[in-house]
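Okay, so here's the structure we're looking at.
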Amino acid sequence: MSTHAGQVEINALSARLNDIEFPPSIPAFCEAQADRYGDAIAVDYFQDEVELSYTALHQRSNRVAAELLDRGYRKGAHIAVMLPNGPASVIVWFAIMKIGAVLVPVNTAYGGKELDYLLNQSDAQALIIGADYLSAFESMQQRPELLAEPIIVHGNDLGTLEAGSELAAFDPGYPIAATDLANLQYTSGTTGFPKGCMLTQDYWLLLSHSIGMVHQSYGSSRLFFWAPFFYMDGQWSFLSAMAIGGTAIVVSQMSLSRFLGWLREHEAHYCVLPEPILKAVPASQDDASLPLKMVHAFGWRPSARAEAEKRFDIVARDSFGMTEVGPAMVCPRDAGEKLELNTCGLAAPFRETRVVDDEGNECPPGETGELQIRGRSIMLGYYKRPDANADTFDGDWLRTGDLFIKDEDGYHRIVGRLKEMIKRAGENISASEVEAAMREASAIAEAAAIAVPDEMRREEVMVLLKLAVGTSQADMPPAAVHEHATRLAAFKRPRYVAYVDEFPRTATNKIAKTAISLGDLVSPITDLQNQRELPHDDATQLLPN
């Protein structure tokens, strides 16, 4: 085993987690935290001016659980939930766990077509929906046979779902166990149809305590979150705060311009820091006095991470996880020289990793291959997708579809997605590597590298650029992009460039590359090789209208 200082740190984290007696279920976890922390604030939805104490969360979710049981929903029922970030979402989440039902979180951006797929594929029997999203439900063409009339939530008012008296205790009349199915958590679906990950209650218990212990190691107890609660990031964020008796400070509507002010106002110790904030918000002499202690800087360039650490006087670390496995890697505070290579860190507690070649053989340290993960409480599989399960599992190892390099000390560095590799004239090009190189220009806020068809080379590289606030194409014209790209090997350099005001995005604010079309561009596509703008007919061969 590696003797690198960071590994010693992760070993100590694992030892502390091994000493924990994990709760036997999510309901038991909620009750135990209410007993322990009582009137302390569990979650603060400051934009809604609503705070929930640990006791209030427990008792109000008991009331909703009792009402769901009275309506006939019991253990194993599939209950879809389409609610915005707010107190209703977290109360309903715990209520569903307390009756042993299966939560099906629904993206609030979905329309009728997406609901047709999701509610039918998940065999939803109930839908708890915010009033603002009823038009999507009403536009469905194929309503599931077992789906009753939707339960409508108006704003933060749960209405008849918690109309009963206070319940200090709730017992559904049958056992709830950590091994029970808790979620059908659908992947973001940026390519193909979304797949429902079957996640147990123990998945969330392990995830919350593992990440919560990382927070504790930095002395963080006030945790600031902005991810939607229908995505797994929103769920683990809140639960990790609850696992340590902390306070989750949750944004309902995200704003980059107000983000730093919110952190200061609410004395936040931790957040997932969006990289665009470095360019969107000018540096201030007050930045270093923010209460932040540690932030996650997912996918950041090493130079940007170092800039954030200096500017805000914090520890900024990447990591790696996915819906299918929860936390897979933790980057220790004492990562040292590994940070220069943009490391995601070491295998997380209760996780094993390996990097394999095309034939399934483990790669030697330093060689690129596909990352595989195994361990306690990874997903059971994709719901009703035996084809996807056969492709995803190699025995008890889960194939991530991500290309990684694992070094001799066990540190991991992501190279790209198998599905996002651009194959140009036989050379594999990592889209993320091209994007990172583009973002090193101060005028470029975000970049998306995509493969476009080419008769000679099969695929060519196109970059779509969103410029930093206060800059224009005159500050970063195609010629400057061409010059900037010389830091890449010749075969990796973009052939085409165009500009956007904004990218289409997934629910988690990732760039939805497959949704990009000519309509998103605010400039003609420029052929950098021939230094000319493409006529419309040629451009339509590269991007759809």
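The values are calculated or read from the model by the stated rules, or taken from the named source; none is laboratory data. If you're wondering where the values come from, they're calculated on a predicted model, not measured in any experiment. Using ideal geometry, Cβ is built from the backbone for each residue, glycine included, and neighbour counts are taken over all protein chains shown.
Which ranges mark the strands (runs of 3 or more DSSP E) fully within segment 379-445 that have 1 or more residues being free of Cβ contacts under 8 Å to residues at least 40 places away in the same chain and within 19 Å of the chain's Cα centre (by Cα)?
Values: elements: 397-406, 412-417, 421-424, 427-430.
Strands (runs of 3 or more DSSP E) meeting the threshold: 397-406, 412-417.
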| remark: Conditions (1) within 19 Å of residue 197 (Cα to Cα); (2) modelled with pLDDT of 95 or more; (3) not in a strand (DSSP E or B) -> residue 365 fails only (1)
| note | For strands (runs of 3 or more DSSP E) lying entirely in segment 266-339, having 1 or more residues that are within 24 Å of residue 407 (Cα to Cα) and touching a helix residue (DSSP H, G or I) at 6+ places or on another chain (Cβ under 9 Å) picks out 315-317, 319-322, 326-330
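Residue-wise test of (1) surrounded by fewer than 24 Cβ atoms within 10 Å (Cβ to Cβ); (2) without any contact (Cβ under 8 Å) to a residue 12 or more places away in the chain; (3) of a type in the set (Ser, Thr, Tyr).
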{"site": "88", "(1), (2), (3)": "no, no, no"}
{"site": "91", "(1), (2), (3)": "no, no, no"}
{"site": "96", "(1), (2), (3)": "no, no, no"}
{"site": "101", "(1), (2), (3)": "no, no, no"}
{"site": "105", "(1), (2), (3)": "no, no, no"}
{"site": "108", "(1), (2), (3)": "yes, no, yes"}
{"site": "121", "(1), (2), (3)": "yes, no, no"}
{"site": "124", "(1), (2), (3)": "no, no, no"}
| field | Lone unmet requirement of (1) at pLDDT below 95; (2) on the phi > 0 side of the Ramachandran plot for residue 38 | value | (1)
| field | Filter result for the condition that a residue is outside the structural domain of residue 258 (by TED's automatic domain parsing), surrounded by 18 or more Cβ atoms within 10 Å (Cβ to Cβ), closer than 19 Å to residue 249 by Cα and not polar (S, T, N, Q), over 45, 73 | value | 45
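Is there a residue being among the aromatic types (Phe, Trp, Tyr), touching a strand residue (DSSP E or B) at 6+ places or on another chain (Cβ under 7 Å) and surrounded by 19 or more Cβ atoms within 10 Å (Cβ to Cβ) anywhere in segment 494-501?
Going through segment 494-501, the residues among the aromatic types (Phe, Trp, Tyr) turn out to be 496, 499.
Within this subset, residues satisfying the condition of being touching a strand residue (DSSP E or B) at 6+ places or on another chain (Cβ under 7 Å) are 496, 499.
Next, from what is left, pick out any that are surrounded by 19 or more Cβ atoms within 10 Å (Cβ to Cβ): 496, 499.
Yes, some residue in segment 494-501 is among the aromatic types (Phe, Trp, Tyr), touching a strand residue (DSSP E or B) at 6+ places or on another chain (Cβ under 7 Å) and surrounded by 19 or more Cβ atoms within 10 Å (Cβ to Cβ).
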| Single condition residue 4 does not satisfy, out of (1) in the same structural domain as residue 98 (by TED's automatic domain parsing); (2) surrounded by 15 or more Cβ atoms within 10 Å (Cβ to Cβ); (3) over 25 Å from the mean Cα position of the chain (by Cα) | (1)
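Only one residue in 44, 70 is within 26 Å of the chain's Cα centre (by Cα) and under 30 Å from residue 110 (Cβ atoms), so which one is that?
Details: 70 fails: within 26 Å of the chain's Cα centre (by Cα).
Result: 44 is the single residue among 44, 70 that is within 26 Å of the chain's Cα centre (by Cα) and under 30 Å from residue 110 (Cβ atoms).
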| query | Of all residues in segment 110-141, which are in contact with a Phe, Trp or Tyr (Cβ under 9 Å, 6 or more places away or on another chain) and either assigned to a loop (DSSP other than H, G, I, E, B) or of a type in the set (Ser, Thr, Tyr) (or both)? | reply | 110, 117, 122, 123, 125, 133
| field | Near pairs, Cβ below 7 angstrom, 6+ apart or cross-chain, from segment 456-477 (in the same structural domain as residue 440 (by TED's automatic domain parsing) and in a loop (DSSP other than H, G, I, E, B)) to any residue that is loosely packed, with under 15 Cβ neighbours inside 10 Å and among the small types (Gly, Ala, Ser) | value | 457/425; 468/442
| request: Considering every residue within segment 300-317, establish whether at least one is buried (at least 22 other Cβ atoms within 10 Å of the Cβ), touching a residue at least 60 places away in the same chain (Cβ under 8 Å) and not acidic (Asp, Glu). | output: no
| message | Residue pairs, Cβ under 8 Å, 6 or more apart or interchain, first in segment 1-26 and over 22 Å from residue 199 (Cβ atoms), second assigned to a helix (DSSP H, G or I) and aliphatic (A, V, I, L, M). List them. | response | 13/213; 13/214; 16/213
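Would you mind stating whether residue 182 is surrounded by 14 or more Cβ atoms within 10 Å (Cβ to Cβ), under 23 Å from residue 328 (Cα atoms), modelled with pLDDT of 95 or more and outside the structural domain of residue 380 (by TED's automatic domain parsing)? Step through it out loud before you land on a result.
Values: surrounded by 14 or more Cβ atoms within 10 Å (Cβ to Cβ): yes; under 23 Å from residue 328 (Cα atoms): yes; modelled with pLDDT of 95 or more: yes; outside the structural domain of residue 380 (by TED's automatic domain parsing): yes.
When the stated conditions are applied, residue 182 passes them.
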